[in-house]
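Single-structure report; data block below.
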Amino acid sequence: DFEKPFSKANCFYLVMTEMAEDLCDSLLARSRPFGEDSVRRLCRVLLKGLEYLHSRGIVHRDVKLDNIFLERAGDLGSARLGDFGLSTLLHWSKEKRVTGSLHYMAPELINSLARDHRQLPSQFSGTPNATAADLWSVGVVLYALLSQHFPFGGKSDEEIKRNILENKLNLKRNCFCEVSSKALDLVRKLLESDPAKRISAQEALQHPWLKRKPSSFTLLRRPVHVGERNLPSTVKAALRRALAYPLRSSGRAHKKAKCSKDLGSFPLQNMYEAIVSV
């Protein structure tokens, strides 16, 4: 945020709010992905910022984890979008270079690189879809926060480009087994290959997942050792009941139980229900 300007020795200074860390550092410091409530808060802030920019004819062009800063370490609700060095006006036709970071680059930009390294796609010449690439990058950020993986990786730049263009989006990996279907639906709509069909910032803010209120409890992905000596017997019994609960369910619950086993944990909802019943 802008604090104040001042001049000194023929130089003009702009004082900005000091940030604690960037989102990339915060994510790398964690052993597990962020919870949905935290990611939802950040997503709202990010989309509101982009909605403001896009409504004023500005495209950021480099939305990524490294350019999202946290005013308070670990608090996604204190996020700020920064680094506007590559941003441009929608109607400004002088800048023709394709810019951005490869992992976050939309397929229409990859296609443009393949055609001509000097030219931007038509979406950046003032048409309504000029902002679509920013929303693709938001989809990559959202995917990474929920899974600690990039949606389209590769061992080389060419492999990454090919994977982005093929868009074989994997939302069934183990790291998503406790992520809600509504969150994954928003990821899917942001990572839509066709920029004309990709959800806008304004539309994304109306998505049911972003309208949802914070959970009454937080899902934790951490191992629970039932054999802890210091646990009271009632808590041990509740934990055993919680661990057994998914095995008694059918269909989707079996899949969830398998995912939980792979993660070395189980959904806190099961433990909560079991403890309440003790």
- Item | Qualifying position, being modelled with pLDDT under 90 and charged (D, E, K, R), among Lys189, Lys182, Lys168 | Lys168
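What do you reckon, is Gly100 in contact with a His (Cβ under 6 Å, 6 or more places away or on another chain), closer than 22 Å to Lys197 by Cα and modelled with pLDDT under 75?
No: the conditions fail for Gly100.
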- Note on the structure: Counted residues in the stretch 175-213 being within 17 Å of Met105 (Cα to Cα) and either touching a strand residue (DSSP E or B) at 6+ places or on another chain (Cβ under 8 Å) or hydroxyl-bearing (Ser, Thr, Tyr) (or both) come to 2
- Message: For the stretch 28-69, give me each residue that is farther than 19 Å from His103 by Cα and at pLDDT below 85.
- Response: Ala29, Arg30, Ser31, Arg32, Phe34, Gly35
- Message: One residue is enough: does the stretch 10-27 have a residue meeting the conditions at pLDDT 85 or above and surrounded by 20 or more Cβ atoms within 10 Å (Cβ to Cβ)?
- Response: no
- Do you know which residues across the stretch 54-82 are closer than 15 Å to Ser137 by Cα and in a helix (DSSP H, G or I)? His54, Leu65, Asp66, Asn67
- Query: For the stretch 197-211, what are the residues that are within 16 Å of Tyr52 (Cα to Cα) and assigned to a helix (DSSP H, G or I)?
  - Reply: Ala201, Gln202, Glu203, Ala204
- Task: Would you check if Ala133 is modelled with pLDDT of 75 or more, farther than 26 Å from Asp37 by Cβ and surrounded by 14 or more Cβ atoms within 10 Å (Cβ to Cβ)?
- Result: yes
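The values are calculated or read from the model by the stated rules, or taken from the named source; none is laboratory data. Owing to the predicted nature of the structure, the values given are computational and were not obtained by experimental measurement. Ideal geometry is used to build each Cβ from the backbone, glycine not excepted, and the neighbour counts take in all protein chains shown.
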